[in-house]
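In what follows, a structure is listed as structure tokens, so that the remarks can point back to it.
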Amino acid sequence: MSLPLRLAINGYGRIGRCVLRAWMESADPDAIQIVAINEPADLESMAYLTRFDSTHGVFPGEVGALDGGLRVRGQDIQVFHAREPAEVPWSDLGLDLLLECSGTYGTRERLQGFLDAGCPRLLVSNPGHSAADVDGTIVHGINDADLRADQRIVSAASCTTNAIVPVLDLLDRHLGVRSAFLTTLHSVMNDQPMIDGYHHSDLRRTRSAMQSIVPVTTGLAQGVERLLPQLAGRIQAKAVRVPILNVSAIDLTVNLAQATSVDALNALLTQAAQSCPHLLACTRQPHASIDFNHDAHSAILDLGQTRVNNGHFANLLVWFDNEWGFANRMLDIARIWADLFRPARPE
């Protein structure tokens, strides 16, 4: 029986707090120990926003602020308030892995700062600026076999990549993807203002997030091609932000090499969900987005929205909780990676 996996979280915003809650709500929370959090915000605010969450509800357990830390589920978690990696004594914490959840570190040089400051390895909550900035990019259920014990910086890709890559991979393996267009309908994010203001160089993002549907740039096509290089040059994408707090969708239009039908395509999607039930799900219910809040699947396929035109031209609607699903995938990757770099140790 191995000792608990010792994790720390850098950046305690939407993803960082969801990672901690996902640990708390997991089937075996004792297998992981969150030993430290680094977040510039003050401790009382951190405790408050852990306990009360407008999206995911009241925290299902004890949360308290201590002198220099948080107490969660009976565990004391040391808290630092540093703005630079070197300001935290990572090497003193006995870490196995740091989950970098701030979203502000994308280059190899910046990420290397954590290793230089004593972190043994990083799992990053963004794709990095390029594939060269990380040792690997992992979408759980697609390329876990690419994880290696000697890797130091691994990306968990993005929430949208985790949602669409399993679907595109399935379609390409069974029907062949000639080309695809992805439109992400994404809930608001904190780089948008509540009211019009000078918040961003992208003028669309200076507009009120809660009053408009706002087109934004996206690197989703490049993210897909990094994971599925056989589709390079065949994927295009665009994104719009919609005025809801959480849960997003991808409208997938795909040109298939092999002819199919609505029934045959839905049967393929259903079979895939049955074979991988913790990652994919299917539904025929007349859902709205809020029904998938706090849904841990990477993707939920809305079979009632499947369309096929002329056998080869298909359209799918893919729902995903962009916070909760991704946070759970980060923990999945952490567990799999740990089995490689941290063989079982006796207690």
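The values are calculated or read from the model by the stated rules, or taken from the named source; none is laboratory data. For clarity, every value in this text was computed on a predicted model and none was experimentally measured. All Cβ positions, even for glycine, are placed from backbone atoms using ideal geometry, and neighbour counts span all protein chains on display.
State all residues of segment 62-75 that are free of Cβ contacts under 8 Å to residues at least 24 places away in the same chain, within 15 Å of Pro29 (Cβ to Cβ) and in contact with a Leu (Cβ under 8 Å, 6 or more places away or on another chain); if no residue qualifies, say none. Passing the criteria: only Val63. Checking segment 122-135 against the condition returns a match, with at least one residue being more than 13 Å from the chain's Cα centre (by Cα), aliphatic (A, V, I, L, M), crowded, with 23+ Cβ neighbours inside 10 Å and under 16 Å from Ala338 (Cα atoms).
Only one of the numbered conditions (1) assigned to a loop (DSSP other than H, G, I, E, B); (2) surrounded by fewer than 16 Cβ atoms within 10 Å (Cβ to Cβ); (3) not basic (Lys, Arg) is not met by Tyr105, and that is (2).
Kindly provide the set of residues from segment 279-290 that are under 18 Å from Asp321 (Cβ atoms) and without any contact (Cβ under 8 Å) to a residue 40 or more places away in the chain, ordered by number. Those that are under 18 Å from Asp321 (Cβ atoms) and without any contact (Cβ under 8 Å) to a residue 40 or more places away in the chain: Ala281, Cys282, Thr283, Gln285, His287, Ala288. For beta carbons closer than 8 Å, sequence separation of 6+ or different chains, a first residue in segment 3-22 that is touching a residue at least 60 places away in the same chain (Cβ under 8 Å) and part of a helix (DSSP H, G or I) and a second that is buried (at least 21 other Cβ atoms within 10 Å of the Cβ) and among the charged types (D, E, K, R), the qualifying pairs are Arg14/Glu323; Ile15/Glu323; Gly16/Glu39; Cys18/Glu323. From the list Asp150, Asp144, Asp196, Asp191, the lone residue that is charged (D, E, K, R), under 18 Å from the mean Cα position of the chain (by Cα) and over 26 Å from Leu268 (Cβ atoms) is Asp191. Inclusion of Phe181 among residues that are over 30 Å from Asn315 (Cα atoms) and under 23 Å from the mean Cα position of the chain (by Cα) is not warranted. Scanning segment 33-61 for residues being assigned to a loop (DSSP other than H, G, I, E, B), at pLDDT 95 or above and more than 18 Å from Asn246 (Cβ to Cβ) gives a total of 4.
Yes or no: segment 197-210 includes at least one residue that is of a type outside the set (Asp, Glu) and in contact with a Phe, Trp or Tyr (Cβ under 8 Å, 6 or more places away or on another chain). Yes, some residue in segment 197-210 is of a type outside the set (Asp, Glu) and in contact with a Phe, Trp or Tyr (Cβ under 8 Å, 6 or more places away or on another chain). For Val139, indicate whether it is on the phi < 0 side of the Ramachandran plot, touching a Gly at 6+ places or on another chain (Cβ under 7 Å) and not in a helix (DSSP H, G or I). No; evaluated as a whole, the condition is false for this residue.
Filtered by the rule that a residue be touching a Lys or Arg at 6+ places or on another chain (Cβ under 6 Å), over 19 Å from Glu39 (Cα atoms) and not acidic (Asp, Glu), segment 95-139 gives Ala131, Thr137. Filtered by the rule that a residue be among the hydrophobic types (A, V, I, L, M, F, W, C), exposed (fewer than 14 other Cβ atoms within 10 Å of the Cβ) and within 24 Å of the chain's Cα centre (by Cα), segment 42-72 gives Phe52, Val58. The conditions of being crowded, with 20+ Cβ neighbours inside 10 Å and in contact with an Asp or Glu (Cβ under 7 Å, 6 or more places away or on another chain) are not met by Ile37. Residue selection: Ala149 satisfies the criterion of being exposed (fewer than 14 other Cβ atoms within 10 Å of the Cβ), modelled with pLDDT of 95 or more, among the aliphatic types (A, V, I, L, M) and under 28 Å from Ala31 (Cβ atoms).
Count of segment 237-259 residues, restricted to those that are out of contact with any helix residue (DSSP H, G or I) (no Cβ under 8 Å at 6 or more places or on another chain) and of a type in the set (Val, Ile, Thr), is 3. You will find that of Val224, Val214, the residue that is farther than 30 Å from Met24 by Cα and within 15 Å of the chain's Cα centre (by Cα) is Val224 and no other.
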